Amino acid sequence: MSAVRLHPADGAPADQDTVRPEATGRRARRRHAGAAVATLLAVLGGTGCTLQAREGEGPGAELLAALDEARYETPPPTGLTYVDAARANELRAEDEDRFAFVARLGTPLLNLRDFPAERYGLDPEHAEATVTVDFSAPYGYWDGTFEVAEITGNLAADGFTERETEAGQVWVHHGRGLGLMVEEHRVRWGDEQLDPARTEASGAPLADRDPYRDLAACLGEVYRADFVEAVEGSAVPFYAIGHRAAAVDDTSTVLCAVTADEDTAADAQERLRAEVTAGQARYAGAEVAALDGPGGSPGVAVTVPDRPEQRPGRLLDGDTDLTDALRAL
């Protein structure tokens, strides 16, 4: 697909070219990955999804569910951004300034230069999860509960036209290079060539790749995760940054990386420990360890707590010393 002409996603990895919930029960289920996967299964029943194969797989199970649905055709995407929108909205409702970096749920749809005030009816507070695949030519979906008639009515009024695809009706605006498929519990988006059936029928899921499985397990239960895939042959071909929040004032960021081999993993641990030591004020309490995932990929993980004055999202925007150390290997 050609690139969707969107602003970069808020908080997207800096080296890429890019991308209050109403139901209290929804908020509670986001705290347990296994329960969240079961909930998504119920919401998406009958859509041909394959989430059940990922249910109950331990740490990162909810991320694996998203990665299983993120199907792609060759070449692989440059990365993926996942946001547990229900949890992100909950955190923002408690402290809007502290969690401002997830205000737009990591989705390029909310960064359109000429996005109308009513957002076509795409209200972030109605989203439960958002997924953006690829940063150079992004596409993805929102899960939640949406008013189909309201959204499609707004699209028609704004010059979108309908096109039938194998997956269903897609609304297209060629001038903006944007396509949307609107369903009650999912909104899919991409460029004007959007046809979800193409990747769902013939694409490969990211969850089937060991590096992504290992990174998801390393990140664990997070309300935002950004996966980045480097160029082939890199010493660090994959890394991911995840954000955790046990409470509004108890947050941390975890950086997980897959390395080319065990020797590089050892070098990565040494470099990250040196950065943590040199930046004691910023990285107080940080812990560096070997990557431990079900696929056995070599790598490294560093968990960085946030002090009250440190806003989550800083390792994605501004404080890049740790990721810079990995890229320098």
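The values are calculated or read from the model by the stated rules, or taken from the named source; none is laboratory data. In this text the structure is predicted, and so the values were computed from the model without any measurement. Here Cβ is always computed from backbone atoms with ideal geometry, including for glycine, and neighbour counts include all displayed protein chains. Heavy atoms of the whole protein, side chains included, go into the accessibility calculation; ligands, DNA and RNA do not. Shrake-Rupley method; radii C 1.70, N 1.55, O 1.52, S 1.80 Å.
Taken as Cα centroids, the stretch 114-143 and the stretch 314-329 sit 27 Å apart, rounded to the nearest whole angstrom. The stretch between residue 280 and residue 123, if pulled fully straight at 0.36 nm per residue, gains 52.5 nm over its current Cα-Cα span. The protection proxy used here, the mean number of other Cβ atoms lying within 10 Å of each residue, ranks peptides 123-131, 275-283 as follows, highest first: 123-131, 275-283.
A simple rule links phi to the HN-Hα coupling: the Karplus curve 6.51 cos²θ - 1.76 cosθ + 1.60 with θ = phi - 60°, which for the stretch 203-213 gives x, 9, x, 4, 5, 7, 9, 3, x, 5, 5 Hz, with x for Gly and Pro.
Can you give the net charge of the other residues whose Cβ lies under 10 Å from the Cβ of residue 169, counting K and R as +1 and D and E as -1? Let's see the in-between values first.
Details: positive: 163; negative: 162, 164, 183.
Taking every Cβ under 10 Å from that of residue 169, the sum is -2.
Ignoring ligands, DNA and RNA, what accessible area per residue does the stretch 267-319 give at 1.4 Å, in Å²?
Details: 2700 Å² over 53 residues.
Accessible area per residue, the stretch 267-319: 51 Å².
A straight chain from residue 289 to residue 169 at 0.36 nm per residue would run longer than the Cα-Cα distance by 38.4 nm. Remark on residue 224: its backbone amide H falls under 5 Å from those of 84, 243, a criterion applied only to residues 5 or more positions apart or on other chains, H modelled at 1.01 Å from N. Under a 5 Å amide H cut-off, with hydrogens placed 1.01 Å from N, residue 192 pairs with 178, 179 among residues at least 5 apart or on other chains.
What relative contact order, as a whole-number percentage, does the stretch 270-312 give when Cα pairs under 8 Å and 6 or more residues apart are counted? Reported relative contact order: 31 percent. Applying the Karplus relation 6.51 cos²θ - 1.76 cosθ + 1.60 with θ = phi - 60° to the stretch 253-268 yields 3J(HN,Hα) values of 10, 10, 10, 10, 9, 9, 10, 5, 7, 5, 4, 5, 4, 5, 4, 5 Hz, where x marks Gly and Pro. Average accessible surface for the stretch 85-202: 38 Å² per residue, computed with a 1.4 Å probe over protein heavy atoms with every protein chain in place. Taking amide H as placed 1.01 Å from N in the peptide plane, the amide H of residue 259 sits under 5 Å from that of 299, 300, each at least 5 places away or on another chain.
Pop out the carbon and sulfur fraction of the accessible area of the stretch 105-261 as a percent, whole number, probe 1.4 Å.
Values: 2500 of 5490 Å².
Answer for the stretch 105-261: carbon and sulfur cover 46 percent of the accessible area.
Each residue of the stretch 98-108 was assigned a 3J(HN,Hα) from its phi angle through the Karplus curve 6.51 cos²θ - 1.76 cosθ + 1.60 (θ = phi - 60°); the sequence is 5, 10, 4, 5, 10, 4, 9, 6, x, 10, x Hz, with glycine and proline shown as x.
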